[in-house]
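Below is one structure, written out as structure tokens; the observations come after it.
The values are calculated or read from the model by the stated rules, or taken from the named source; none is laboratory data. Every value quoted in this text rests on a predicted model; they were computed, and no experiment measured them. Ideal geometry is used to build each Cβ from the backbone, glycine not excepted, and the neighbour counts take in all protein chains shown.
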Amino acid sequence: MRVIFAGGGTGGHLNPAIAIADRIMRMEPGSEVLFVGTERGIENKLVPAAGYSLKHVKIQGLRRSLSPSNIKTLWLALTSPAEAKKIIREFKPDVAVGTGGFVCWPVIRAAASMGIPTALHESNAVPGVAVKMLEGCVDVIFTNFEETANCLRRREKVIRVGNPLRGDFTALDYKTARDKLGITGKYRTFILSCGGSMGAERINEEVLVFMRDYVAKHSDIFHLHASGAIEYEAAKAKFKEYGLESVPNVQLVEYIYDMPLRMAAADLVINRAGAVTISELALLGKPALIIPSPNVTDNHQYKNAKVLADAGAAVMLQESELAPGVFTRAVESIITDRAKMASMKENFIKFAIKNADLRIYDELKKLVNSKSV
């Protein structure tokens with residue numbers, strides 16, 4: 001099978017595409033995969049690292065405020081499909097798959113106009129602009145959240161498959177993971193927190209205060225926090241200032257490289273509300289305190305978190321609500337109530353769909369075969 005993927009700008013758009021590509025290569029080792037992105041997106045790091053080829057088109061997002069750059073955006077929206085068609089003609093894909101971000105528009109639009117089978121995957125609860133623009137011309141729309149279909153006009157095209165994940169988040173059970181980390185019998189509660197790979201200053205501030213004022217006084221709790229690359233030096237300085245270097249049950253790192261293991265062992269996870277993170281938590285059924293990023297397009301992290309909070313699967317705090325003491329009280333209210341944690345686990349698992357990548361592969365095969373008849 002020859003597959004072209006379009007998606008980028010964020011890891012939330014790229015990683016599901018790479019997970020699908022990996023599944024295709026496992027099922028059909030002779031397949032050819034090509035990614036299309038922009039010259040400045042994160043795809044330029046992630047795609048080559050995953051071992052796939054990448055080509056570029058010139059396209060950019062529309063600014064929400066009045067800006068001269070929007071004139072260029074509209075021009076590129078008109079001209080980029082022709083650029084994408086050239087790539088498509090050279091590659092000759094059997095199917096084209098878009099996973100979000102503005103680069104989806106020219107590639108999937110061009111593929112559809114050329115009679116190539118097309119599919120979209122929307123990982124967030126509320127679909128992005130690209131998905132809404134393209135829903136009329138694609139053959140199928142894969143979704144992660146059940147609620148997403150309610151936001152689309154062409155609901156008959158929707159198939160809920162979950163969110164394809166990279167890495168095996170179900171390889172280890174809770175006890176095995178804790179045994180492997182050496183915390184079984186040593187700590188009653190393991191808290192895992194982070195604010196994304198680059199870091200989130202506001203989350204770092206709250207977590208370090210919580211470590212100082214609460215965790216340091218409770219030896220039965222172990223708290224691991226990843227500050228993110230950009231914020232690490234500042235967080236490390238504050239960690240030292242608070243005297244946390246001498247506290248044995250807290251740890252600050254820049255990045256967590258073995259996240260499936262750490263998350264499997266955790267009792268509570270504190271994180272943002274990106275679709276990939278939510279899917280990982282759902283698979284493991286982890287009680288979570290979610291702080292959606294206020295700096296994302298269309299406020300989609302808040303919408304993701306709201307769905308979970310309404311279902312009793314997670315506790316949501318917005319950054320605007322983080323007055324002194326609010327974060328600490330929220331965490332304490334979760335970890336001191338085992339019945340509440342059990343209920344959150346049960347409710348979160350309902351959002352999990354296993355083997356999303358395999359489900360998507362099967363549907364893509366059906367799509368390709370139906371179009372070739």
Check: When region 1-42 is examined, which residues are found to be assigned to a helix (DSSP H, G or I), touching a residue at least 60 places away in the same chain (Cβ under 8 Å) and not hydrophobic (A, V, I, L, M, F, W, C)?
Finding: G11, G12, H13, N15, P16, D22, R23
Margin query: Of all residues being farther than 21 Å from S293 by Cβ, out of contact with any helix residue (DSSP H, G or I) (no Cβ under 9 Å at 6 or more places or on another chain) and among the aliphatic types (A, V, I, L, M) in region 315-360, which is surrounded by the most Cβ atoms within 10 Å (Cβ to Cβ)? Just the residue, please.
Written below: A342
Margin query: Can you list the helices (runs of 4 or more DSSP H) lying wholly within region 287-373 that have 2 or more residues being touching a Gly at 6+ places or on another chain (Cβ under 9 Å) and free of Cβ contacts under 8 Å to residues at least 12 places away in the same chain?
Written below: none
Item checked: Selection status of T189, without any contact (Cβ under 8 Å) to a residue 12 or more places away in the chain and in contact with a helix residue (DSSP H, G or I) (Cβ under 6 Å, 6 or more places away or on another chain) -> no
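Kindly evaluate V158 against the criterion of being closer than 19 Å to F351 by Cβ, of a type in the set (A, V, I, L, M, F, W, C) and out of contact with any Lys or Arg (no Cβ under 8 Å at 6 or more places or on another chain).
Values: closer than 19 Å to F351 by Cβ: yes; of a type in the set (A, V, I, L, M, F, W, C): yes; out of contact with any Lys or Arg (no Cβ under 8 Å at 6 or more places or on another chain): yes.
Criteria met by V158.
Consider L14 carefully, then state whether it is in contact with a Phe, Trp or Tyr (Cβ under 6 Å, 6 or more places away or on another chain) and either within 16 Å of L120 (Cα to Cα) or at pLDDT 85 or above (or both).
Working: in contact with a Phe, Trp or Tyr (Cβ under 6 Å, 6 or more places away or on another chain): no; either within 16 Å of L120 (Cα to Cα) or at pLDDT 85 or above (or both): yes.
So L14 does not fit the description; no.
Given the residues L66, L74, L46, which is the only one that is modelled with pLDDT of 85 or more and in the same structural domain as L367 (by TED's automatic domain parsing)? It would help to see each step written out before you state the result.
Working: L66 fails: modelled with pLDDT of 85 or more; L74 fails: modelled with pLDDT of 85 or more.
Of L66, L74, L46, the one residue that is modelled with pLDDT of 85 or more and in the same structural domain as L367 (by TED's automatic domain parsing) is L46.
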Notebook entry, point to check: Does region 32-41 contain at least one residue that is in the same structural domain as V95 (by TED's automatic domain parsing), farther than 13 Å from G98 by Cβ, surrounded by 19 or more Cβ atoms within 10 Å (Cβ to Cβ) and under 17 Å from the mean Cα position of the chain (by Cα)?
Noted result: yes
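Given the criteria assigned to a loop (DSSP other than H, G, I, E, B), among the hydrophobic types (A, V, I, L, M, F, W, C) and either modelled with pLDDT under 95 or buried (at least 20 other Cβ atoms within 10 Å of the Cβ) (or both), does A273 qualify? Lay out the reasoning, then the answer.
Values: assigned to a loop (DSSP other than H, G, I, E, B): yes; among the hydrophobic types (A, V, I, L, M, F, W, C): yes; either modelled with pLDDT under 95 or buried (at least 20 other Cβ atoms within 10 Å of the Cβ) (or both): yes.
Considered against the rule, which asks whether it is assigned to a loop (DSSP other than H, G, I, E, B), among the hydrophobic types (A, V, I, L, M, F, W, C) and either modelled with pLDDT under 95 or buried (at least 20 other Cβ atoms within 10 Å of the Cβ) (or both), A273 comes out as yes.
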